[in-house]
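Undergrad: Encoded as structure tokens, here's the structure I'll be asking about.
The values are calculated or read from the model by the stated rules, or taken from the named source; none is laboratory data. Note that the structure is a prediction, hence the values are computed from the model and not measured. Every residue, glycine as well, gets a Cβ built from its backbone with ideal geometry; the counts of neighbours run over all protein chains shown. Note: areas computed on protein heavy atoms with side chains; ligands, DNA, RNA excluded. Shrake-Rupley method; radii C 1.70, N 1.55, O 1.52, S 1.80 Å.
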Amino acid sequence: MIIRRYKPSDIEAVVAIFRSNIGKYFVEAEEKELREFLEAFSDDYFVIEIIDEVVAAGGIALNEDETISLCWGMVRTDLIGTGLGKKLTLFRMEKGREKWGDRPFVTSTSHHTEGFYKKLGFETVEHTPDGFGPGIDICKMRLALPE
């Protein structure tokens, strides 16, 4: 397993991971947003490769309010629960701290992954039922700086 920077040639592999998660974690209409994000902000997007196959992906971005977003994180659906998501999330947080220093992390995720982020210390700050689509709530979460 290796974690490396996203390359434009990875786009279809990342979209395939996204599509494997439609219905529970994403809605089909979000694919256009993902593609646009990857065209504009791929400098801080990463993938996990296992035997030359991209199986997980996720990025980071600095927000105007000086928080660091964990964005477009996903693991191929048949590999959810194997620890890849945690490895990728911790890697992205490390990269975010290296690039922008100690700042709070935020993410907008579904209620299906809310518990995953809570285990990492995130707190839900806003919850919108069906916010992403029918049956997929938006959970805005934040990991504050240690006091």
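Undergrad: Can you tell me which residue is surrounded by the fewest Cβ atoms within 10 Å (Cβ to Cβ) among those in the stretch 43-67 that are more than 12 Å from the chain's Cα centre (by Cα) and under 20 Å from V106 (Cβ atoms)? Steps first, answer last, please.
TA: Going through the stretch 43-67, the residues more than 12 Å from the chain's Cα centre (by Cα) turn out to be 43, 48-55, 62-67.
Then keep just the ones that are under 20 Å from V106 (Cβ atoms); that gives 43, 62-67.
On the way: D43: 11, L62: 14, N63: 12, E64: 5, D65: 8, E66: 10, T67: 18.
Looking at residues that are more than 12 Å from the chain's Cα centre (by Cα) and under 20 Å from V106 (Cβ atoms), I get E64.
Undergrad: Then there is this: With surrounded by fewer than 18 Cβ atoms within 10 Å (Cβ to Cβ) and at pLDDT below 95 as the only criterion, which of V15, V27 stands out? Before you say what the answer is, go through the steps one by one.
TA: Values: V15 fails: at pLDDT below 95.
After applying the criteria, what remains is V27.
Undergrad: Can you pull out every residue in the stretch 80-104 that is of a type in the set (D, E, K, R), more than 22 Å from A40 (Cβ to Cβ) and not in a helix (DSSP H, G or I)?
TA: Scanning the stretch 80-104 gives a single hit, D102.
Undergrad: Of these, T128, T107, which one is free of Cβ contacts under 8 Å to residues at least 24 places away in the same chain, open to solvent by less than 80 Å² (accessible area, probe 1.4 Å) and assigned to a strand (DSSP E or B)? Please lay out each step first, then the result.
TA: On the way: T107 fails: free of Cβ contacts under 8 Å to residues at least 24 places away in the same chain.
Of the residues listed, the single one that is free of Cβ contacts under 8 Å to residues at least 24 places away in the same chain, open to solvent by less than 80 Å² (accessible area, probe 1.4 Å) and assigned to a strand (DSSP E or B) is T128.
Undergrad: Against the condition touching a Ser or Thr at 6+ places or on another chain (Cβ under 9 Å), closer than 21 Å to G115 by Cα and among the polar types (S, T, N, Q), how does T77 come out, does it pass? Steps first, answer last, please.
TA: Values: touching a Ser or Thr at 6+ places or on another chain (Cβ under 9 Å): yes; closer than 21 Å to G115 by Cα: yes; among the polar types (S, T, N, Q): yes.
Yes, satisfied.
Undergrad: How about the stretch 1-35: which of its residues are within 23 Å of D130 (Cβ to Cβ) and free of Cβ contacts under 8 Å to residues at least 60 places away in the same chain? I'd like the intermediate steps shown before the answer.
TA: Applying the first criterion (within 23 Å of D130 (Cβ to Cβ)) to the stretch 1-35 yields 18-34.
Within the stretch 1-35, F18, R19, S20, N21, I22, G23, E28, E31, K32, E33, L34 meet the criteria.
Undergrad: Also, I was wondering about something else. Could you tell me which of the residues F91, F116, F122 is among the aromatic types (F, W, Y), farther than 14 Å from K24 by Cα and touching a residue at least 60 places away in the same chain (Cβ under 8 Å)?
TA: Numbers: F116 fails: touching a residue at least 60 places away in the same chain (Cβ under 8 Å); F122 fails: touching a residue at least 60 places away in the same chain (Cβ under 8 Å).
Matching residue, one of F91, F116, F122: F91.
Undergrad: Would you mention how many residues in the stretch 84-102 are over 11 Å from the mean Cα position of the chain (by Cα) and surrounded by 17 or more Cβ atoms within 10 Å (Cβ to Cβ)?
TA: Residues in the stretch 84-102 being over 11 Å from the mean Cα position of the chain (by Cα) and surrounded by 17 or more Cβ atoms within 10 Å (Cβ to Cβ): 3 in total.
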